[in-house]
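The block underneath contains the structure these notes are about, expressed in structure tokens.
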Amino acid sequence: MRPILAVNYKAYYPHSFGKHALELARAAKKIIEEYDVEVILAPPFTELKNILEEVKGTRIKVYAQHADPLEPGAITGYIPLEGLKELGVHGVIINHSEHRLKLADINYLVKKAHTLGLEVLACADVPETGAAVAVLGPDMVAVEPPELIGTGISVSKAKPEVITNSVELIRRVNPNVKILTGAGISTGEDVYIAIKLGTIGVLVASAIVKAKDPYSVMKDMAEKAVLAFKEISK
């Protein structure tokens, strides 16, 4: 098992598109050659094909940022899982704080995604929601206090109890799900603390996507993640 660095490009940063999106993917390719980490990239829908082509043949996984709980058909403007599967993504992020879903819809998407062979990273805003979502059986749960997202103030430092409470509650209901944390994660130290507190990795956005040198930020995070894993395994 490797520490996980999941990168959400989001869909409103200029850095999320075009050449910037590809540069981030190329930085990720260097990172997995240098460190024993798992990298997940979640670009905007318009960039999925290009990113998939860029990382083809590597162990980097590409996730869509959302999917709609609908069957394919006359559903203009929606994103069914079947279309994402056809495109070739490895998984999907659902219930991000910026695109929340009803619990029933999360349940539908988890089951449908697994039927299609897609992985699911489900987000939650608080530990209790994380536990409720974990019952539904996603591959990963990422707990992100929305008030810290994009602030540069990391949850691992500002609210470490969110991480420890999440791990405790989620493990009670689903001991197999992988637990990530996010919101304000900006440095390798933030990642190190998050893993030492019981998670397997982090969900990061602006700290990497908006960085002048994404590779350097990812390198710092990957290095500290590997270090934390080694210390835990002793």
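Worth a mention:
- Top-ranked residue of the stretch 29-55 - restricted to ones that are assigned to a loop (DSSP other than H, G, I, E, B) and within 24 Å of residue 220 (Cα to Cα), ranked as most open to solvent (accessible area, probe 1.4 Å): 36
- Output for the stretch 115-130, where each listed residue is part of a helix (DSSP H, G or I), within 17 Å of the chain's Cα centre (by Cα) and either of a type in the set (Asp, Glu) or surrounded by fewer than 22 Cβ atoms within 10 Å (Cβ to Cβ) (or both): 127, 129
- Among the residues making up the stretch 79-95, those that are assigned to a loop (DSSP other than H, G, I, E, B) and under 24 Å from residue 141 (Cβ atoms) are 79, 80, 89, 90, 95.
- Residue match in the stretch 14-34 (condition: without any contact (Cβ under 8 Å) to a residue 40 or more places away in the chain and among the β-branched types (Val, Ile, Thr)): yes
- Applying a threshold of 8 Å to beta carbon distances and a minimum spacing of six or more residues, or different chains, the list of pairs starting in the stretch 109-126 at a residue that is touching a residue at least 60 places away in the same chain (Cβ under 8 Å) and ending at one that is of a type in the set (D, E, K, R) and not in a strand (DSSP E or B) reads 121/139; 123/144.
- Residues that are in contact with a helix residue (DSSP H, G or I) (Cβ under 6 Å, 6 or more places away or on another chain) and either closer than 19 Å to residue 11 by Cα or outside any loop (DSSP other than H, G, I, E, B) (or both), drawn from the stretch 59-78: 62, 64, 67
Matching residues to (1) touching a Gly at 6+ places or on another chain (Cβ under 6 Å); (2) under 27 Å from residue 111 (Cβ atoms):
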{"residue": "52", "(1), (2)": "yes, yes"}
{"residue": "55", "(1), (2)": "no, no"}
{"residue": "60", "(1), (2)": "no, yes"}
{"residue": "68", "(1), (2)": "no, yes"}
{"residue": "83", "(1), (2)": "no, yes"}
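- All positions within the stretch 25-42 that are within 15 Å of residue 90 (Cβ to Cβ) and out of contact with any Lys or Arg (no Cβ under 9 Å at 6 or more places or on another chain): 25, 28
The values are calculated or read from the model by the stated rules, or taken from the named source; none is laboratory data. These numbers come from a predicted model, not from an experiment. Positions of Cβ are backbone-derived with ideal geometry, glycine not excepted, and every protein chain shown enters the neighbour counts. Just so you know, the surface numbers come from the protein's heavy atoms only, side chains and all, with ligands and any DNA or RNA stripped out. Shrake-Rupley method; radii C 1.70, N 1.55, O 1.52, S 1.80 Å.
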